[in-house]
Amino acid sequence: MSERGGRLSFFPARTGELEADDFFSYLLTGWKRAGAAQNHDAETVKRRIRVVQRFADFCGKYPWEWESKDADEWFEHLRDVRLTMKSTRRAYQSDLELFCDFVASPRYTWNKECCSH
C-alpha cells in the first residue's frame, strides 16, 4: 500500500541529528532493508539504489531538496544526451517514485525523529 502526500524535510541543526550525507545513507540503508523484507531480488534493490544515487549526483541535491524540475532535467538529459531507451527512463521514474514514497511514509521513525511533513 502506498501512502502519498508526505514530505521529507531535514533540519541539520537539531541535537543528535545525523549530518546530511549520513542521513541520506541512512535512508538508502532503510530502503535496502525494506526491499529485502519485501523479497525483492538483491540485484533489483542494488539497481534501484544506484538510480537514486545517480539522480542525487546529477541534481547535486539531497532528496529533501529535490524538485519536480530536477527530475524533468534528468530525464531530458537521459533522453537527449545519454540516449537511453524509453523503457529505461520509465524504470528510473518508477525507482525514484518508490524511493520518495518510502522516505515520505509516516510508517518510519525518521519522519518523527528527523523530519516534518
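State the extension gain, in nm to one decimal, for the chain segment bounded by D57 and D22, taking 0.36 nm per residue of separation less the distance between their alpha-carbons. Write out the running numbers ahead of the final one.
Working: separation 35, 0.36 × 35 = 12.60 nm, distance 1.51 nm.
Length difference between fully extended and current span is 11.1 nm.
Give me the extension gain from R50 to S68: residue separation times 0.36 nm, minus the current Cα-Cα distance, reported in nm with one decimal.
Values: separation 18, 0.36 × 18 = 6.48 nm, distance 1.95 nm.
Gain in length upon complete extension: 4.5 nm.
Starting from the Cα gyration tensor of region 14-72, multiply each eigenvalue by 5, take the square root, and state the resulting semi-axes largest first in whole Å.
Computed over region 14-72, the values are 21, 18, 8 Å.
Expressed in nm to one decimal, what extension gain is obtained for the pair N39 and R107 from 0.36 nm per residue of sequence separation less their Cα-Cα distance?
Values: separation 68, 0.36 × 68 = 24.48 nm, distance 1.88 nm.
Difference between extended and current length: 22.6 nm.
May I ask for the net charge around V45, where only other residues with Cβ less than 11 Å from the Cβ of V45 are counted and Lys, Arg are +1 while Asp, Glu are -1? Please report the intermediate quantities before stating the final value.
On the way: positive: K32, R33, K46, R47, R48, R50; negative: D41, E43, D95.
For residues surrounding V45, the net value is +3.
On the accessible surface of region 40-92, probed at 1.4 Å, how many percent belong to carbon and sulfur atoms?
Numbers: 1630 of 3430 Å².
Carbon and sulfur together cover 47 percent of it.
The values are calculated or read from the model by the stated rules, or taken from the named source; none is laboratory data. If you're wondering where the values come from, they're calculated on a predicted model, not measured in any experiment. Virtual Cβ from ideal backbone geometry, glycine too; neighbours counted across all protein chains shown. Accessible surface is based on the protein model in full, side chains and every heavy atom, while ligands, DNA and RNA are left aside. Shrake-Rupley method; radii C 1.70, N 1.55, O 1.52, S 1.80 Å.
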